Amino acid sequence: MTSTLTLTPARDDLIQSRNFIGGHWCEGADGRTFAVVDPADDSVIVPVVDSSGADAKAAVDAASAAFPAWRDAPARQRAQLIKRWHASIVEHQEDLARIISREQGKPLAEARGEVLYAASYVEWFAEEAVRAYGDVIPAPVDGRRMTVVKEPVGVVAAVTPWNFPAAMIARKIAPALAAGCTVVCKPAEDTPLTSLALLRLAQEAGLPAGTLNIVTASRETTPAVVGQWLKDPRVRKITFTGSTPVGKHLARESADTLKKLSLELGGNAPFIVFEDADLDAAVAGLMTAKFRNGGQTCVSPNRVFVHGAVHDAFVAKLAERMAKLTVGPATRPDALIGPMINARAVDKILRHIEDALDKGGRLVFGSTRGLGQLGPNFVSPALITGATTEMALAHEETFGPVVPVFRFGSEAEVIEIANATPYGLASYFYSNDIDRVWRVAAALESGIVAVNEGAFASEAAPFGGVKDSGYGREGSRYGLDEYMHTKYVCQGNLKR
Ligand code: NAD
């Protein structure tokens, strides 16, 4: 089954199905393609290039050739081009949102929000491009001038996931270009169309040929494509967002060429509601944090811990709110939760629910089966009480609209359980005790702590994790450094 994707008539060219290398849209060397499908009904949207190692190498050839001129361009000039790209993304918000919704499944309103979120990183780094300051160090000995300059690392390879097809790639490409690097990228096989459209807009904005290149690849050929970049010494940095096992694989396989790495990996976020919390605010925060993109976000609360004194009241309020969540395809204006990305995702979610019920959990709301009447990849939001650390959902990212509630008795106990995971991306807690706020924020082992807040993401703040959630930060003033190295210039006395 195939289906059409309707855009602003004049902008059908935003649906690209070929690679973009060295300023040209081109077929793959092997002539193979793979289908991009709509997760709402598994219909084929369009076939795109299934690249090979040869295509990946051609992309690096182009990025490598373009690097010296882009590196040496005045920062203001780079900033202006990135700003033009930003303006074009904002101008085409609606078309981009339709592409996102179609290939990824999130409701259109959320997809529009994602476009602006992606654009905010592009704007931020256009502004940061002119602020890659170095340092002058007071020399500890006579006769020396000691300075520090920041330089772009070189060719950057970006590999991105499917859950935020615009934001994840924008927040890698924008800082890389701002720093003076050139880029090769490979979007997730489920959602390449958004990335291709973004590159089309970058091309229009006037980015020089070769500065930005993209190859698409299926699940089967991805290891060969990315593998080509891992072994190529000209690629100086890998920036990756995705699962922890793949992130570790990239770290191992890039060791021989000692590349710089940024790894934004999986999470297992705790969401803690203390007995002194504002319960209505906590329920509202959880609804925002948990159900964005149907729970398919790396910072989605995966484990909800509620103090025994407020447990029943919290669960009752939450169940009431969850009952109002409408599930449906992105085309339904009232849909708040779209389809999950594919059958594997649905299987994992249903397995987690069944395992929790087998181990004594109670299903307060939801279903142990998918919502087949809507389409193959729809599931109901689910609320499970009596969650315990024996359950799979306590250890694995569910990546779906499932809320397991654990009951706890003391602050020390909940901090220990919250930290008892190899992951450390985001944590949330609700409390109105100021001493506790600082104590718990310090004790939680994660790169991000949200206090009395369900939506913290911002281009102005550093996003990233600790432990198995990876390293490196995206966004903020720290984000530019990830694409630069530090050169120390020591000047001795000149001969007079
Ligand atoms: P994934 O690791 O399966 O895929 C991510 C990317 O890696 C895709 O482009 C994929 O094609 C590629 N890939 C897969 N196998 C590869 C291999 N052997 N060699 C090279 N590349 C390979 O992850 P996913 O399922 O697409 O995304 C979901 C995961 O991403 C979740 O774990 C989520 O928490 C994480 N995530 C993290 C962040 C963050 O900022 N920390 C943001 C979004 C998603």
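Among the strands (runs of 3 or more DSSP E) confined to segment 19-136, the ones with at least 3 residues that are more than 30 Å from Gly372 (Cα to Cα) are located at 19-21, 24-26. The residues listed here are Arg200, Arg219; of these, the one that is closer than 26 Å to Ala35 by Cα, within 15 Å of the ligand (Cβ to nearest atom) and open to solvent by 10 Å² or more (accessible area, probe 1.4 Å) is Arg219.
Among the residues of segment 82-105, those that are open to solvent by 10 Å² or more (accessible area, probe 1.4 Å) and out of contact with any helix residue (DSSP H, G or I) (no Cβ under 6 Å at 6 or more places or on another chain) comprise Ala87, Glu91, His92, Glu94, Arg98, Arg102. Before we move on, is Ile384 more than 16 Å from the ligand (Cβ to nearest atom), in a helix (DSSP H, G or I) and either over 21 Å from Gly294 (Cα atoms) or without any contact (Cβ under 8 Å) to a residue 60 or more places away in the chain (or both)? No; evaluated as a whole, the condition is false for this residue. When every residue of segment 341-361 is checked against the conditions, none turns out to be touching a residue at least 60 places away in the same chain (Cβ under 8 Å) and closer than 17 Å to Asn302 by Cα. Taking segment 222-240 as the search range and keeping residues that are open to solvent by 40 Å² or more (accessible area, probe 1.4 Å) and part of a helix (DSSP H, G or I), which one is nearest to Glu114 (Cα to Cα)? That would be Pro223.
Within segment 61-85, the set of residues being within 18 Å of Arg200 (Cβ to Cβ) and free of Cβ contacts under 8 Å to residues at least 60 places away in the same chain comprises Lys83 only. Taking the stated definitions as given, is Lys348 closer than 21 Å to His395 by Cα and touching a strand residue (DSSP E or B) at 6+ places or on another chain (Cβ under 7 Å)? Spelling it out, it is not the case that Lys348 is closer than 21 Å to His395 by Cα and touching a strand residue (DSSP E or B) at 6+ places or on another chain (Cβ under 7 Å). Please verify whether Phe399 is within 28 Å of Val327 (Cα to Cα), out of contact with any Gly (no Cβ under 6 Å at 6 or more places or on another chain), assigned by TED's automatic domain parsing to the domain that holds Asp276 and open to solvent by 40 Å² or more (accessible area, probe 1.4 Å), treating the condition exactly as stated. Spelling it out, Phe399 is indeed within 28 Å of Val327 (Cα to Cα), out of contact with any Gly (no Cβ under 6 Å at 6 or more places or on another chain), assigned by TED's automatic domain parsing to the domain that holds Asp276 and open to solvent by 40 Å² or more (accessible area, probe 1.4 Å).
The values are calculated or read from the model by the stated rules, or taken from the named source; none is laboratory data. For clarity, every value in this text was computed on a predicted model and none was experimentally measured. We place every Cβ from the backbone using ideal geometry, glycine too, and count neighbours over all the protein chains shown. Side chains are part of the model used for accessible areas, which takes the heavy atoms of the whole protein and leaves out ligands, DNA and RNA. Shrake-Rupley method; radii C 1.70, N 1.55, O 1.52, S 1.80 Å.
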